[in-house]
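**Student:** Mind having a look at this structure? Questions to follow.
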Amino acid sequence: MTRPYVLLSVAVSVDGYIDDASPDRLRLSGAADFDRVDQVRAESDAILIGAETLRRDNPRLLVNSADRRAARVAAGKAEYPLKITVSATGDLDPDLKFWHYGGDKLVYTTSAGAAAVGDRLAGVAEVVDLGDGIDLGVLLDDLGRRGIGRLMVEGGTRIHTEFLSADLADELHLALAPILVGDPDAPRFLNPAIFPGSPSRRMYLAEVSKIGDIALLRYLPKMTHEEDHRWMARAIELARLCPPSDTAFSVGAVVVADGVEISTGFSRETDAKVHAEESALNKLAETDPRLSRATIYSTLEPCSQRGTPTRLPCTNRILAAGIARVVIAWREPATFVANCAGVETLRQHGVEVVELAELAEAAMSMNRHLNLS
Ligand SMILES: [Zn+2]
């Protein structure tokens, strides 16, 4: 069973607060950043928010753009993502806006919470009893069974802390607002907790962008060196599937986005000349929105010139696809092409290239007969 990809989204002040202590909600973001959040919501199958935040902010939690809703419907999805809240106590006011806007609603609670809710939410939300306590892993298993592929979590403090401390967050969008709150009673982004590997585990920083006066930092908390090794091992498996050749390398490639494999390829997979990265990219639409957040794993450095001049070098294909991260195991030797400049070219265009030299031997093993220079 597949759990959904979990994306945490938060806006914080420079001193780490998500609100002030006043009854009115502090506006940390501007219009452009709210629009970005609207886009992330539209790309999600479900949006989750804690009951505390629901009570404090009383949000509607909608996709506001009519165009984005229309695009969802055109893609065969519900107009609005499923809205989810989590409450152990079941203390949920049926008059909150949350229940009365958008599409389907789901409440995860305990047995005691379910008893407390009673039939107060009948007809507006499905209530799921998770037993004695709320285990986020069990919750994600249930969402997986319901076909939820992408879950956006919009807080608050307790929910974000629990997802991160349970190592269940695949992605974190931290919108840093140029504001200082300075109020010790104001809520923070995270509570003190035992986070996996902290403080020595460094999250992978996938993107930094400026949206008005907001700095958006996109982290992939689980994208570790181990994760890269796992996908490269998969690419090496694929390289073993290549039809044998005395005139070309055997290479495997995997395209990974949102923590899952979205395409694979290997040398000579579909015709005698096709390269691994090319074969993997050929299977995806050029406009696939996942490409911009994808990593391509290739056992060999992507080529920068080709023996078949009618076909684009893989480096150019990767740049055209908008892929921002490339992981390789070995650099192309001068066996067939005097000077492969794949890595240099990708880096010149701002692509992050990671070399797993420790896997080079394994990635090269099926090419030994080629008299590698
Ligand atoms: Zn190539």
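**Student:** By count of other Cβ within 10 Å, fewest leading, how are Cys242, Cys303, Cys340 ordered?
**Tutor:** Cys242, Cys340, Cys303
**Student:** With a ≥ b ≥ c taken as the square roots of the eigenvalues of the C-alpha gyration tensor of region 225-370, please select rounded if a/c is under 1.5 and otherwise prolate if a/b is larger than b/c or oblate if it is not?
**Tutor:** Verdict is rounded for region 225-370.
**Student:** Could you tell me which of rounded, prolate or oblate describes region 5-220, using a ≥ b ≥ c as the square roots of the eigenvalues of the alpha-carbon gyration tensor, with rounded for a/c under 1.5 and, failing that, prolate when a/b is larger than b/c and oblate otherwise?
**Tutor:** Rounded.
**Student:** Within region 198-294, which GluC sites (Glu not before Pro) sit in a loop by DSSP and count at most 11 neighbouring Cβ atoms inside 10 Å?
**Tutor:** Filter output for region 198-294: Glu286.
**Student:** Which number gives the lysine pairs in the chain that have C-alpha atoms under 23 Å apart and are eight or more places apart or on different chains?
**Tutor:** Close lysine pairs found across the chain: 7.
**Student:** Under 10 Å, Cα contacts only: if you run a Gaussian network model on the chain, which one of Val254, Val326, Val73 comes out with the highest mean-square fluctuation?
**Tutor:** Looking only at Val254, Val326, Val73, the biggest GNM fluctuation is shown by Val73.
**Student:** Could you line up Lys77, Lys105 from fewest to most neighbouring Cβ atoms inside 10 Å?
**Tutor:** Least crowded to most crowded, the residues run Lys77, Lys105.
**Student:** So, one more: Can you give the convex hull volume of the alpha carbon atoms of the chain per residue, in Å³?
**Tutor:** 157 Å³
**Student:** Nearest 10 degrees, 0 to 90: what angle lies between the long axis of helix 225-239 and the longest principal axis of the chain (Cα atoms)?
**Tutor:** Helix 225-239 sits roughly 40 degrees off the main axis of the chain.
**Student:** May I pose another question? In what sequence do Asp213, Asp67 fall when counting other Cβ within 10 Å, fewest first?
**Tutor:** Final ranking by Cβ density, sparse to dense: Asp67, Asp213.
**Student:** Nearest 500 deg cm²/dmol is fine: what mean residue ellipticity at 222 nm does the chain get from its DSSP H runs of n ≥ 4 alone, each adding -39,500 (n - 2.57), divided by its residue count?
**Tutor:** Using -39500 (n - 2.57) per qualifying helix, the result is -7000 deg cm²/dmol.
**Student:** Now for a separate question. Between Ala115 and Val138, what is 0.36 nm times their sequence separation minus the Cα-Cα distance? Round to one decimal in nm.
**Tutor:** My answer for the length gained is 6.3 nm.
All of the numbers you see were taken from the coordinates with simple rules; none came from a lab. Note that this is a predicted model, so its numbers are computed, not measured. Virtual Cβ from ideal backbone geometry, glycine too; neighbours counted across all protein chains shown.
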